[in-house]
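J.: Below you will find the structure I want to go over with you.
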Amino acid sequence: MEHASLLRTIPLFEGLSPEDLDALAAKMSERRFVAGEMIMNQGDRGSEMYVVAEGQVNIFLPGENSRRVSLKDIARGEFLGELALFDDKPRSASALATTDALLLELTHKTLSSYLATRPHAAMAILRTMSERLRETNALLSARATKNAVQEIEQNLSWSERLADRVAELNGSWAFIIALLGLTCGWMLVNTPLLRAEFDPYPFVFFNLLLAVLVALQGPLIVMSQNRQSLKDRARADADFNVNLKNEVNIETILRELSEFRAEANTRLERVEGRGRASN
């Protein structure tokens with residue numbers, strides 16, 4: 001039952017009925033991995049997927065000189081290696097247990113026998129797989145570079161824009177000079193010499209106005225600072241996506257270049273061998 005409740009949280013099986021989930025959970029086997037143990041390697045052929053029940057797993061692309069391009073860290077309720085259930089092609093990435101982990105294993109043979117008895121479950125699984133494939137295609141085809149700050153500013157409400165304007169004004173010399181001018185003018189108007197004082201010394205009403213101004217400024221400035229933190233996080237996420245996509249592309253280019261060199265050397269050796277044979 002615990003495994004079935006875990007499967008309910010996985011988008012891949014969200015379309016299955018409770019009876020289908022219980023039946024599928026009963027067919028899955030447990031696999032334990034210690035911290036630092038490889039779960040699968042890029043290029044290896046596999047016929048099983050894993051669901052993380054305990055611990056954490058890192059999905060990465062291996063690089064030269066033991067450098068790795070980390071793609072994602074997954075934890076309980078997430079899964080990996082699902083493509084192996086539907087094709088017989090090499091793994092597209094490697095997986096490493098970063099902590100002691102308990103994984104639920106579902107093999108291609110087990111899934112085939114399960115779908116043979118419950119064919120209506122196949123449509124729900126295929127629907128989820130197609131959605132993930134569309135998301136991946138959109139990610140790879142779209143440009144990673146974007147102006148994250150501009151996107152946030154375009155969706156601001158009038159109150160949020162007002163808070164930003166107030167925070168910008170409070171941090172300027174114009175506000176300081178205006179406040180000093182207002183203070184001096186207020187004191188001048190309320191001096192006994194002009195006989196027009198309506199707020200005599202010690203200017204109680206003016207102090208009240210300043211207190212209200214300070215009380216309003218505080219929350220508006222905090223709102224603007226929180227939004228600035230949001231912009232910084234969005235900018236950092238955009239930079240990370242750009243760097244990640246660049247690293248993946250570089251690793252792909254290097255791998256293809258290595259394969260090209262190996263093929264060129266093989267052909268060169270064949271040509272040289274034919275030349276020696278003809279001589």
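The values are calculated or read from the model by the stated rules, or taken from the named source; none is laboratory data. Because the structure is predicted, anything quoted here is derived from the model rather than measured. Don't worry about glycine lacking a Cβ; one is built from the backbone with ideal geometry, like all the others, and counts go over all protein chains shown.
J.: Of everything in region 1-55, what is more than 13 Å from Gly77 (Cβ to Cβ), among the polar types (S, T, N, Q) and under 28 Å from the mean Cα position of the chain (by Cα)? Give them in sequence order.
T.: Matches in region 1-55: Asn41, Gln42, Ser47.
J.: A follow-up question, please. Assuming Gly77 fulfils every condition listed in (1) under 25 Å from Ala234 (Cα atoms); (2) at pLDDT 75 or above; (3) surrounded by fewer than 16 Cβ atoms within 10 Å (Cβ to Cβ) apart from one, which condition is it?
T.: Checking Gly77 against (1) under 25 Å from Ala234 (Cα atoms); (2) at pLDDT 75 or above; (3) surrounded by fewer than 16 Cβ atoms within 10 Å (Cβ to Cβ), the one that fails is (1).
J.: Looking at region 241-279, which of the residues that are over 26 Å from Lys72 (Cβ atoms) and hydroxyl-bearing (Ser, Thr, Tyr) is surrounded by the most Cβ atoms within 10 Å (Cβ to Cβ)?
T.: Ranking the candidates gives Thr266 first.
J.: For the condition closer than 30 Å to Leu16 by Cβ and either more than 20 Å from the chain's Cα centre (by Cα) or modelled with pLDDT under 75 (or both), what is the one hit in Asn190, Asn137?
T.: On the way: Asn190 fails: closer than 30 Å to Leu16 by Cβ.
Result: Asn137 is the single residue among Asn190, Asn137 that is closer than 30 Å to Leu16 by Cβ and either more than 20 Å from the chain's Cα centre (by Cα) or modelled with pLDDT under 75 (or both).
J.: If you scan region 224-279, which residues turn out to be farther than 22 Å from Ala93 by Cβ and in contact (Cβ under 8 Å) with a residue 40 or more places away in the chain?
T.: Answer for region 224-279, where residues must be farther than 22 Å from Ala93 by Cβ and in contact (Cβ under 8 Å) with a residue 40 or more places away in the chain: Ser224, Gln225, Arg227, Leu230, Lys231, Ala234, Arg235, Ala238.
J.: Here's something else I'd like to know. Before we move on, is Glu19 loosely packed, with under 14 Cβ neighbours inside 10 Å and free of Cβ contacts under 8 Å to residues at least 40 places away in the same chain? Please lay out each step first, then the result.
T.: Values: loosely packed, with under 14 Cβ neighbours inside 10 Å: yes; free of Cβ contacts under 8 Å to residues at least 40 places away in the same chain: yes.
The answer is yes for Glu19.
J.: Can you tell me which residue is farthest from Leu220 (Cα to Cα) among those in region 151-180 that are over 29 Å from the mean Cα position of the chain (by Cα) and surrounded by 14 or more Cβ atoms within 10 Å (Cβ to Cβ)?
T.: Top of the filtered list is Phe175.
This table checks each residue for (1) out of contact with any helix residue (DSSP H, G or I) (no Cβ under 9 Å at 6 or more places or on another chain); (2) surrounded by 14 or more Cβ atoms within 10 Å (Cβ to Cβ); (3) modelled with pLDDT of 85 or more; (4) assigned by TED's automatic domain parsing to the domain that holds Glu256.
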{"site": "Pro11", "(1), (2), (3), (4)": "no, no, no, no"}
{"site": "Arg31", "(1), (2), (3), (4)": "yes, yes, yes, no"}
{"site": "Gly36", "(1), (2), (3), (4)": "yes, no, yes, no"}
{"site": "Ser47", "(1), (2), (3), (4)": "no, yes, no, no"}
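J.: Which of the residues belonging to region 235-279 are within 18 Å of Pro62 (Cα to Cα) and either small (Gly, Ala, Ser) or in a loop (DSSP other than H, G, I, E, B) (or both)?
T.: Ser258
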